[in-house]
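Structure, as structure tokens:
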Amino acid sequence: MCGIVGYIGHREAYPVIIQGLERLEYRGYDSAGIALYDGDNLKVSKTKGKVEDLKSRVDKEITSSGSIGIGHTRWATHGVPNDINSHPHVSNSGNLVIIHNGIIENYDPLRQELINRGYTFSSDTDTEVLVNLIEDVKKNEDVRLGKAVQIALNQTIGAYAIAVFDKTKPNEIVVARLGSPLAIGVGDDEFFIASDATPFIEYTNNAIYLEDGEMAVVRSHKKLKIRKIKDDSLVDPYIQELQLNLEQIEKGGYDHFMIKEIYEQPDAITDTFRGRMLVDQGIVRMAGIDDNIEKFLNARRIIIVACGTSWHAGLVAEYIFEEFARIPVEVEYASEFRYRNPVIYKDDVVIAISQSGETADTMAAIKLAKKQGAFVFGVCNVVGSSISRETHAGAYTHAGPEIGVASTKAFTTQITILTLIALKLAKHKGELSNSEFRAYLQELERIPAKVTEALKCNEQAEHVAAQYKDAHNALYLGRGYNFPVALEGALKLKEISYIHAEGYPAAEMKHGPIALIDEQMPVVVIAMRKGHYEKVVSNIEEIKARSGKIIGIVTQGDKEVKKLADHVIEIPETLEPFTPLLATIPLQLLSYHIAVMLGKNVDQPRNLAKSVTVE
Ligand code: F6R
């Protein structure tokens, strides 16, 4: 899982590539590198660390960068993050240079064969094996670079998005993909290559997303030709017009992307239901559902597959689907589902949830479900992403780009779209009357304003954060719809502040975790007035009796919890199924402020990456 960028055309390549790498750092940031051909020499610079470190090294050296180059920001899979293992990698002759996102699984036997033929390797990476394999094919078969790449890739097993060029023929870049994303920006006599469209959006709105198993030879003054790697057949390029704009991917005055994205939630939720929820007419319109309504209505059950925060959104959806649509739901970690032998029926509907649309385990779960005949529906944020194309149908969340590694607006918009789907199915099945259905839509329409109201707790969250920032552990408790919110709150704290946190169903606390509670233990309890309120209050009493520090997330005007808790954060009242959309806000803010106070890298927490394209 890495970010790749390339450029060929009439501009200086360096600024385009370095800026592109900065935008792709969410994909990995343990090392970065760049290769440029300036007309005379191939210059390769790479370093352990972030793009910023690469920049401070390369900026000084660059006078003219030429107009062809490739760059890489890495999330290590083979070989520790260090300068040598960083990409780009150069072939033994010094002519070919490559960047790679993915894993070549059979790299070890290939490496042995190449060593037997006299090749040497300086890094521990699979990528250095690949570039030398291409070189070996090129030399032995006496073919052009494109053909050599094709032959070499047909010998590999694994996943890749690659860009490679030859310094002796610096008029073309060869790109290919299998399992890792690759977009080509099409400009006037210039092409941009990237893992997603963000690196080139200010240069062109026209993009081609390579499909799995496709490759292209990109030359600045020529038309692009796309071929299938396996059989060399030509594919008609499909150029999409992108709707993304630059403002959407910049920080817009906020200190971090995460806080910007937290504050974007009212708009993001509105964008999710815009044009789909017609409250006055009492209609929910969604092409992906409308076109496949029988599949959903006749579903034996719904299986939700996802990872991380998206899995938490899936858990909320389980409550919502079962409550409204009365369809049995199972929620599976994609990574577990794919590796057991799950029973999947042809009349199951599988919903895959993924912000990035690139998560490898979710993708594998989709393929498994499809193979066994199930109908697979995708809920993705990134338009044109691999998962959105692999599924039979789907719906985008339209949350806009999420750059902060910790997911925030993706979570609330995923819940929003899944709620819309559940309500729509409930209406079709006659589980909700027209007036009930309309009442839910009306309340959902009020949610963005209520999220805005909930965001007013920011200062209070900051105040609470200051008191607990030095805690070593934290417990998050919730019941019913807010149990998954407790899980999500704990995940947010863990991933950006590195404080150990656990989410638990509040009632389960007495079956074990209660042993952890003492005066050092902050316990965040979601205690909404709607839904098991009295029971949660009893749980709070149990914590208080053991001197735990209680941070209550409560409904505005709450009285009971206020009497017991050390701190309360109030959020507006809403219908019980919609409370996760509000209760999650203070939890996001709390973890954000703790991480900032601890001086952590909020947008790029250690060891993480925004899209996990490895298994
Ligand atoms: C947590 C987080 C991750 C992702 C997970 C799935 O804040 O961001 O847990 O939710 O890696 O990613 P997607 O949704 O892109 O499939």
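The values are calculated or read from the model by the stated rules, or taken from the named source; none is laboratory data. No experiment lies behind these values; they were computed from the predicted model shown. Cβ atoms come from the backbone with ideal geometry, glycine included; neighbour counts cover every protein chain shown. For accessibility, only protein heavy atoms count, side chains too; no ligands or nucleic acids. Shrake-Rupley method; radii C 1.70, N 1.55, O 1.52, S 1.80 Å.
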Taking a label point 7 Å from the Cα of R546 along Cα-to-Cβ, the residues of the range 486-509 whose backbone nitrogen sits under 17 Å from it are 501-509
One would report the Cα pair-distance distribution of the range 475-533, bin width 10 Å, in %, as 24, 54, 21, 1
Projecting each Cα onto the charge dipole of the range 405-496 (Lys/Arg +1, Asp/Glu -1 at the beta carbon, about the Cα centre), which of A490, T408, N434 comes out farthest on the positive side?
N434
Against the longest principal axis of the chain, how steep is helix 308-320, in degrees 0 to 90 to the nearest 10, with axes from Cα atoms?
40 degrees
What is the range 449-601's relative contact order, in percent, from Cα pairs under 8 angstrom and six or more apart in sequence?
32 percent
Please compute the alpha carbon radius of gyration of the range 542-596, then divide it by the globular-protein estimate 2.2 N^0.38 Å. Two decimals is fine.
1.23
In Å, what is the Rg of the alpha-carbon atoms in the range 219-332, and how long is Dmax?
20.7, 58
The range 41-106, relative contact order in percent, only Cα pairs under 8 angstrom and at least six apart counted:
31 percent
Average Cα contact separation per residue, the chain, under 8 Å, 6 or more apart, as relative contact order %:
11 percent
Helix 409-429 versus the longest principal axis of the chain: what angle, 0 to 90°, nearest 10, using Cα atoms?
70 degrees
Once a ≥ b ≥ c are taken as the square roots of the eigenvalues of the Cα gyration tensor of the chain, is the result rounded (a/c under 1.5), prolate (a/b larger than b/c) or oblate (a/b not larger than b/c)?
prolate
My understanding is that a pair violates if its Cα-Cα distance is over 19 Å; which of K260/K549; K469/K559; K530/K562; K492/K544; K260/K530; K228/K370 do that in this structure?
K260/K549; K469/K559; K492/K544; K260/K530; K228/K370
With a 1.4 Å probe and every protein chain left in place, work out the accessible area per residue of the chain in Å², rounded to a whole number.
38 Å²
Given the DSSP H assignment, sum -39500 (n - 2.57) over each helix run of at least 4 residues in the chain and divide by its residue total; what's the result at 222 nm in deg cm²/dmol, nearest 500?
-11000 deg cm²/dmol
The extension gain from R389 to E52, computed as 0.36 nm times the residue separation minus the Cα-Cα distance, is 118.0 nm
What accessible surface, in Å², does a 1.4 Å probe find on E323, ignoring ligands, DNA and RNA and rounding to the nearest 10?
100 Å²
Rounded, prolate or oblate: which one fits the range 1-148, using the alpha carbon gyration tensor with axes a ≥ b ≥ c (rounded when a/c is under 1.5, else prolate when a/b beats b/c, else oblate)?
oblate
So the angle from the long Cα axis of helix 533-545 to the longest Cα principal axis of the chain, reported in degrees to the nearest 10, equals 80 degrees
The chain, dipole about Cα centre (Lys/Arg Cβ +1, Asp/Glu Cβ -1), debye to the nearest 20:
540 debye
Could I have the simple spin-label model distance between K510 and L224, label points 7 Å from Cα toward Cβ, reported in nm to one decimal?
6.2 nm
Carbon and sulfur: what percent of the range 1-110's accessible surface (1.4 Å probe)?
47 percent
Can you give the FRET efficiency to the nearest 0.05 for Y498 and E322, using r as the Cβ-Cβ distance and R₀ = 35 Å?
0.50
Working out 0.36 nm times the residue gap between F121 and D189, then minus their Cα-Cα distance, what length gain in nm do you get to one decimal?
20.8 nm
